[in-house]
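Participant: I have a structure I would like to understand better, so I am pasting it below and will then ask my questions one at a time.
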Amino acid sequence: MFPYPSGNIHMGHVRNYVIGDICARYHKLKGDEVIHPMGWDAFGLPAENAAIQFKTHPRDWTLNNIENMKSQLQKLDLDIEWDREFATCNEDYYRHQQELFIDLYNAGLAYKKDALVNWDPVDQTVLANEQVIDGKGWRTGASVEKKNLSQWFFKITDYAEELLNDLDNLKLWPEKVKTMQKNWIGKSSGAEIKFKISGSNEFLNIFTTRPDTIYGATFIGVSVNHPLVSKTLNNKAIKEIKDEFSKVDGEKDKIGVSLKINCLHPMLNKEIPIYVANFVLDNYGEGAIFGCPAHDERDFEFAKKYDLPIIKVIDCRDEDLPYSGDGKIINSEFLNGLSKDAAINEIISYFTRKQIGKEKINFKIRDWGVSRQRYWGCPIPVIYYEDGSYRVLDKSELPVLLPYDVNLKGKGNALLNLDKWREIICPKTNKKAYRETDTLDTFVDSSWYYIRFLNNKLDKPFEIEQVNNLLPVDKYIGGIEHAILHLLYSRFFMKALRDIYGLKVDEPFKQLFTQGMITHKTYRTSKGEWVMPREVVIKDGQLILEKTREIVEEGPSEKMSKSKKNVIEPDEILNSFGIDATRIFMISDSPPDRELEWTDEGIQSSKNLTHRIERYFSQKKTDIDLEVEKKVELFIYNIETNILNFSLNKCVADIYTLFNYLEKRKVYLNNSELSSKILTCLFPILPNLSSLICRNLFNISKFKHWPDVKKDLLYKDKIVLPIQVQGKLVTTIDTKKGYIEKDILKLIYQLDKVKNKIQDKKVIKVINVQDKIINIIVY
RNA sequence: GCGCCAGUGGCGGAAUGGUAGACGCGCUGGUCUUAGGAACCAGUGGGCAACCGUGGGGGUUCGAGUCCCUCCUGGCGCACCA
């Protein structure tokens with residue numbers, strides 16, 4: 001995943017890009033066509049906030065950071081094609097995005113509507129549902145407010161079913177990410193039922209997964225944001241209810257206020273009251289429910305509190321109420337005696353016949369709100385006329401450039417105050433018009449950047465042929481935090497573009513690898529102040545702060561963060577330990593998908609390994625025998641297998657195993673053919689060091705092809721055969737593959753250890769797994 | 001509450017149902033010395049031993065860290081989803 005240019009590369013970036021670089025270098029050596037690009041996710045709020053804080057311009061701040069981070073990345077010796085580089089904040093990227101916006105609009109996948117949206121009061125902008133975590137903005141942590149605003153949306157819900165189903169085809173994605181997306185899409189099937197409002201000709205729509213319990217409905221609950229509420233109550237009354245609701249711990253207490261109007265029960269000749277209830281969500285289903293207290297925990301609690309009738313419609317013991325399981329339907333006229341599923345079918349067909357309801361599949365996922373009320377983003381190519389109507393621009397009218405000269409000091413969106421940019425005369429109608437001042441969510445930028453990497457110079461977003469030939473991305477590496485943000489949006493984009501352009505690609509990323517985070521020990525003083533690990537020393541068995549001699553306490557290893565002062569700067573590490581040791585450490589201690597704890601010992605031993613390899617190859621050549629050759633072939637095989645499986649920690653173990661063997665036997669390969677093979681295999685992991693040694697030994701600077709493994713040399717003739725008695729290991733014997741069972745048993749029975757085990761018992765069975773193990777069963 | 005993943009030495013971690021602990025860190029003892037952020041040699045799961053050992057308890061199997069059931073613990077995600 002491409003980085004956000006926040007200022008400096010951090011260790012997480014280093015790990016991410018080293019993993020990818022090892023794969024890329026390996027595949028290049030194999031002769032595969034590899035595209036290994038880098039770019040910048042360069043629009044976004046941090047730039048704007050930083051610009052205000054440091055009195056600079058978001059563009060200058062961003063471009064500066066890019067320059068800095070690029071030079072830092074280059075120090076890592078990454079084999080990146082910098083020709084493909086771009087930043088999403090530059091015109092030559094976002095102008096094409098504006099074109100895609102127009103495509104989406106024309107395809108009916110982008111639309112504008114008034115909606116209740118998430119408002120981040122700190123960043124002063126709207127956020128998509130995916131960007132609100134536990135009711136708080138994902139970047140600011142501020143409590144999100146609900147606002148009714150006219151906003152642009154992308155119709156991701158059109159693809160809900162496909163986004164869900166196609167997860168099954170993503171065989172090379174972590175199960176965890178797929179589960180998260182599945183939960184987010186949130187498909188459930190049930191029915192939509194129309195309840196007639198008493199004394200009115202209007203109806204209230206309700207979604208339920210349990211239409212079989214309709215006869216047990218004794219009240220209606222609506223969300224406080226439901227249209228019926230604003231129609232019935234005045235603003236003051238609504239505000240009072242909201243205040244009331246915000247006072248209780250919404251997760252626990254179910255409270256409500258009667259709207260003092262009723263609904264007609266669709267099956268029974270009776271009226272049931274409508275309540276505004278705090279536990280009814282406005283963003284799920286229709287924002288309205290029917291309450292069936294006997295068979296739903298929440299409804300039960302609510303009914304108890306407000307003394308509403310509880311009518312049992314599924315046969316169960318009274319003490320089991322509320323009972324939400326399966327059972328025989330009772331008290332429900334023609335449904336009586338049916339099971340849950342049969343009753344659901346029966347009642348839905350009844351509703352359909354009577355036109356008071358229908359079968360309904362409901363999705364939790366909502367359309368993607370993409371409008372942001374901030375300056376530093378891609379302008380939305382739309383103009384508004386004075387009568388309030390709007391027009392999406394033609395592609396010929398693009399690009400809509402983001403102006404540079406803005407005043408960011410005022411509150412709100414700087415573009416709103418920039419009349420000379422905002423006001424135009426529409427060239428089509430000659431009428432006065434105003435540009436859209438909302439910009440696109442930065443997740444739009446990152447939803448198609450991998451396509452742009454195929455050709456960043458093209459005068460249109462992409463070439464259809466090229467997309468068909470080269471996508472999906474074979475290996476995509478990044479953190480799991482994007483599981484339902486970037487990774488879901490990109491899947492939607494790929495599918496939408498497929499339908500618009502007739503592409504043959506369904507999914508953007510064939511294999512997803514989620515790398516673990518890097519952690520480091522934390523330390524704090526007795527006052528609770530965080531202390532940098534390198535300022536801590538041990539004195540008389542006590543951890544103390546070197547400067548002030550204060551006693552400090554060691555905390556758990558946690559994700560590196562500036563606030564906890566446990567950050568390690570890549571620049572410093574590269575300067576003291578070099579590229580190769582840094583790369584080795586990034587992959588050595590843990591599997592790449594798990595946490596990696598930063599330790600001083602770890603980076604030091606990585607450095608020692610690089611020295612050791614260097615020393616090894618400077619030794620004079622000795623005789624080489626077949627066994628050495630076999631070990632080298634095994635090494636090639638193992639490294640290759642482990643790179644392909646992302647088991648990079650095992651690659652490091654393979655390196656140690658090989659050099660332990662060679663040095664133990666004092667076999668030195670120097671400039672032999674075997675050295676060349678070993679160095680080629682080291683190249684993806686240690687490009688700098690292996691190139692250097694290669695130049696010294698062979699006077700060539702480039703590695704040729706990845707060596708083909710001589711499979712016949714992997715065959716092991718001599719084996720150590722484990723001998724078990726009663727399934728427990730007793731001893732092992734050295735033998736050769738293909739031994740004759742009868743002959744070897746004679747030998748085995750003479751071994752003291754075996755004799756002692758068997759004693760005078762009778763051998764009743766011998767299990768010989770040829771060349772693997774022998775198990776003797778006695779009685 | 002629901003879902004997913006994990007639990008193996010002092011630590012990070014290896015083990016297509018077939019010798020548990022590869023490899024590394026740390027530690028112990030030693031060697032060398034151009035005194036290094038070294039290097040090298042030997043050792044390092046527990047136990048004197050027989051033996052015991054992969055979170056607990058069952059099961060399948062000739063054989064289980066690995067498969068099944070169940071419980072416990074930890075992590076992550078979702079969570080009033082009607």
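Participant: May I ask you to list the GluC sites (Glu not before Pro) in segment A:56-146 that are in a DSSP loop and have at most 15 other Cβ atoms within 10 Å of their Cβ?
Facilitator: A:Glu81
Participant: Now for a separate question. What accessible surface, in Å², does a 1.4 Å probe find on A:Trp61, ignoring ligands, DNA and RNA and rounding to the nearest 10?
Facilitator: 40 Å²
Participant: What does the charge count near A:Ile639 come to, summing +1 for each Lys or Arg and -1 for each Asp or Glu among other residues with Cβ under 14 Å from its Cβ? Mind dumping the intermediate values first?
Facilitator: Values: positive: A:Arg25, A:Lys30, A:Lys631, A:Lys650, A:Lys677; negative: A:Glu633, A:Glu640, A:Asp654, A:Asp708.
Charge balance near A:Ile639 sits at +1.
Participant: For segment A:76-144 and segment A:535-555, what is the centre-to-centre distance using only Cα atoms, to the nearest Å?
Facilitator: 45 Å
Participant: Still on this structure, please answer the following. Among A:717-723, A:771-777, how do they line up by average Cβ neighbours within 10 Å per residue, starting with the highest?
Facilitator: Details: A:717-723: 14.0, A:771-777: 16.4.
Highest to lowest by the protection proxy: A:771-777, A:717-723.
Participant: Return a whole-number percent for the relative contact order of segment A:50-201, with Cα pairs under 8 Å and 6 or more residues apart as the contact set.
Facilitator: Numbers: 102 pairs, mean separation 23.1, N = 152.
Once normalised by length, the contact order is 15 percent.
Participant: Along each principal axis of its Cα atoms, how long is segment A:40-126 end to end? Whole angstroms, biggest number first, please.
Facilitator: Sorted from largest, the Cα extents of segment A:40-126 read 49, 34, 19 Å.
Participant: A further question follows. Give me the angle, in degrees from 0 to 90, between the Cα long axis of helix A:626-644 and the longest principal axis of the Cα atoms of chain A, rounded to the nearest 10.
Facilitator: 10 degrees
Participant: Calculate how steeply helix A:340-354 sits against the longest principal axis of the alpha-carbon atoms of chain A, using the helix alpha-carbon long axis, and give the answer as 0 to 90 degrees to the nearest 10.
Facilitator: Between helix and principal axis, roughly 40 degrees.
Participant: Let me ask you something else. For A:Ser389 and A:Ile133 in one chain, what is 0.36 nm times their gap in residues minus the Cα-Cα distance, to one decimal in nm? Provide the component values of the computation, followed by the final result.
Facilitator: Details: separation 256, 0.36 × 256 = 92.16 nm, distance 3.46 nm.
88.7 nm is the gain from fully extending A:Ser389 to A:Ile133.
Participant: Can you give the FRET efficiency to the nearest 0.05 for A:Lys270 and A:Val248, using r as the Cβ-Cβ distance and R₀ = 30 Å?
Facilitator: Numbers: r = 30 Å, r/R0 = 1.01.
Efficiency, rounded to the nearest 0.05: 0.50.
Participant: Quickly work out the A:Leu729-to-A:Gln604 label distance, labels modelled 7 Å from Cα along the C-beta direction, and quote it in nm with one decimal.
Facilitator: 3.3 nm
Participant: Name the long-range amide H neighbours of A:Lys187: under 5 Å, sequence gap of 5 or more, or other chain; modelled H, no Pro or chain starts.
Facilitator: So A:Lys187 has HN proximity to A:Lys364.
Participant: Mind giving me the nanometre distance, one decimal, between the label points for A:Leu543 and A:Val769, set 7 Å out from Cα along Cα→Cβ?
Facilitator: Distance between the two pseudo-spin positions: 4.5 nm.
Participant: A further question follows. Restricting to Cα pairs below 8 Å that are 6+ residues apart, what does the relative contact order work out to for chain A? Please round to a whole percent. All intermediate terms of the calculation are to be shown ahead of the outcome.
Facilitator: On the way: 1331 pairs, mean separation 92.1, N = 779.
Relative contact order for chain A comes out at 12 percent.
Participant: Students sometimes get this wrong: rank A:Asp593, A:Asp441, A:Asp708, A:Asp760 by accessible area, probe 1.4 Å, all chains present, largest first.
Facilitator: Details: A:Asp593 90, A:Asp441 5, A:Asp708 110, A:Asp760 140 Å².
Solvent-accessible surface, decreasing: A:Asp760, A:Asp708, A:Asp593, A:Asp441.
Participant: Counting only pairs 8 or more residues apart or on different chains, how many lysine pairs in segment A:257-399 have their Cα atoms under 20 Å apart?
Facilitator: Lysine pairs meeting both conditions in segment A:257-399 amount to 11.
Participant: Classify chain A as rounded, prolate or oblate, taking a ≥ b ≥ c as the square roots of the eigenvalues of its Cα gyration tensor: rounded when a/c is under 1.5, otherwise prolate if a/b is larger than b/c and oblate if not. Provide the component values of the computation, followed by the final result.
Facilitator: Details: a/c = 2.12, a/b = 1.41, b/c = 1.51.
Verdict is oblate for chain A.
Participant: Pulled fully out, how much extra length does the chain show between A:Thr429 and A:Thr179, if you take 0.36 nm times their separation in residues and subtract their Cα-Cα distance?
Facilitator: Numbers: separation 250, 0.36 × 250 = 90.00 nm, distance 5.04 nm.
Gain on stretching A:Thr429 to A:Thr179: 85.0 nm.
Participant: Hey, can you find the accessible area per residue of chain A for me, probe 1.4 Å, expressed in square angstrom?
Facilitator: Values: 37790 Å² over 779 residues.
Per residue, chain A has an accessible area of 49 Å².
Participant: Within segment A:432-530, list the trypsin sites (Lys or Arg not before Pro) lying in a DSSP loop whose Cβ has at most 12 other Cβ atoms in a 10 Å radius.
Facilitator: Working: sites: A:Lys432, A:Arg435, A:Arg452, A:Lys457, A:Lys475, A:Arg491, A:Lys495, A:Arg498, A:Lys504, A:Lys510, A:Lys521, A:Arg524, A:Lys527; in loops: A:Lys457, A:Lys504, A:Lys527.
When the trypsin sites (Lys or Arg not before Pro) of segment A:432-530 are filtered for loop state and at most 12 Cβ neighbours within 10 Å, A:Lys457, A:Lys504, A:Lys527 remain.
Participant: With the full set of protein chains in place, find how many percent of the accessible area of segment A:66-131 is carbon and sulfur; take the probe as 1.4 Å. Can you show the working numbers first?
Facilitator: Numbers: 900 of 2350 Å².
Summing carbon and sulfur atoms, their accessible area is 38 percent of the total for segment A:66-131.
Participant: Provide the solvent-accessible area of A:Lys194, counting protein heavy atoms only and rolling a 1.4 Å probe, rounded to the nearest 10 Å².
Facilitator: Ignoring ligands and nucleic acids, A:Lys194 comes out at about 80 Å².
Participant: Here is a further query. To the nearest 20 debye, what charge dipole does segment A:491-644 have about its Cα centre, counting +1 at the Cβ of each Lys and Arg and -1 at the Cβ of each Asp and Glu?
Facilitator: Dipole size: approximately 440 debye.
Participant: Now for a different question. Pop out the carbon and sulfur fraction of the accessible area of segment A:621-779 as a percent, whole number, probe 1.4 Å.
Facilitator: Values: 4720 of 9220 Å².
Carbon-and-sulfur percentage of accessible area, whole number: 51.
Participant: Taking segment A:733-779, how many lysine pairs are there with alpha carbons less than 14 Å apart, if each pair must be eight or more places apart or span two chains? Could the numbers behind the result be given before it?
Facilitator: Values: A:Lys736/A:Lys772; A:Lys737/A:Lys772; A:Lys742/A:Lys765; A:Lys746/A:Lys755.
Pairs that pass both the separation and distance tests number 4.
Participant: Quick check: with the 1.4 Å probe, what order do A:Val257, A:Val14 take by accessible area, largest first?
Facilitator: A:Val257, A:Val14
Participant: Using label points projected 7 Å from each Cα along Cα→Cβ, tell me how many nm separate A:Ser188 and A:Glu614, to one decimal.
Facilitator: Calculated label separation equals 6.3 nm.
Participant: Given R₀ = 35 Å, FRET efficiency for A:Val720-A:Leu172 by Cβ-Cβ distance, to 0.05? It would help to have the intermediate numbers written out before the result.
Facilitator: On the way: r = 37 Å, r/R0 = 1.04.
It comes to 0.45.
Participant: I'd like the orientation of helix A:570-588 relative to chain A: the angle between its Cα long axis and the longest Cα principal axis, in ° from 0 to 90, rounded to 10.
Facilitator: Tilt of helix A:570-588: around 80 degrees.
Participant: Roughly speaking, what is the centre-to-centre gap between segment A:304-383 and segment A:38-73 when only Cα atoms are used, to the nearest Å?
Facilitator: 48 Å
Participant: Please report the net charge: other residues with Cβ closer than 12 Å to the Cβ of A:Gln619, K and R +1, D and E -1. Walk me through the numbers on the way to the answer.
Facilitator: Values: positive: A:Arg612, A:Arg615, A:Lys620, A:Lys621, A:Lys666; negative: A:Glu614, A:Glu663.
Here the charged neighbours net out to +3.
Participant: Can you give the extra length, in nm with one decimal, that the chain gains between A:Ala237 and A:Asn575 once fully stretched, where that is 0.36 nm per residue apart less the Cα-Cα distance? Please report the intermediate quantities before stating the final value.
Facilitator: Values: separation 338, 0.36 × 338 = 121.68 nm, distance 6.51 nm.
Gain in length upon complete extension: 115.2 nm.
Participant: Show me, for segment A:465-474, the HN-Hα J-couplings you get by feeding each phi into the Karplus relation (A = 6.51, B = -1.76, C = 1.60, θ = phi - 60°), rounded to Hz, glycine and proline as x.
Facilitator: Using θ = phi - 60°, the values come out as 3, 5, 4, 4, 6, 9, 8, x, 4, 6 Hz.
Participant: Considering only DSSP states other than H, G, I, E and B, which GluC sites (Glu not before Pro) in segment A:221-308 qualify as loop sites with at most 15 other Cβ atoms within 10 Å?
Facilitator: When the GluC sites (Glu not before Pro) of segment A:221-308 are filtered for loop state and at most 15 Cβ neighbours within 10 Å, A:Glu251 remain.
The values are calculated or read from the model by the stated rules, or taken from the named source; none is laboratory data. Please read these numbers as outputs of a predicted model, since none were measured by experiment. Note: ideal-geometry Cβ built from the backbone for every residue, glycine included; neighbour counts use all protein chains shown. Keep in mind that these areas ignore ligands, DNA and RNA; they rest on the heavy atoms of the full protein, side chains included. Shrake-Rupley method; radii C 1.70, N 1.55, O 1.52, S 1.80 Å.
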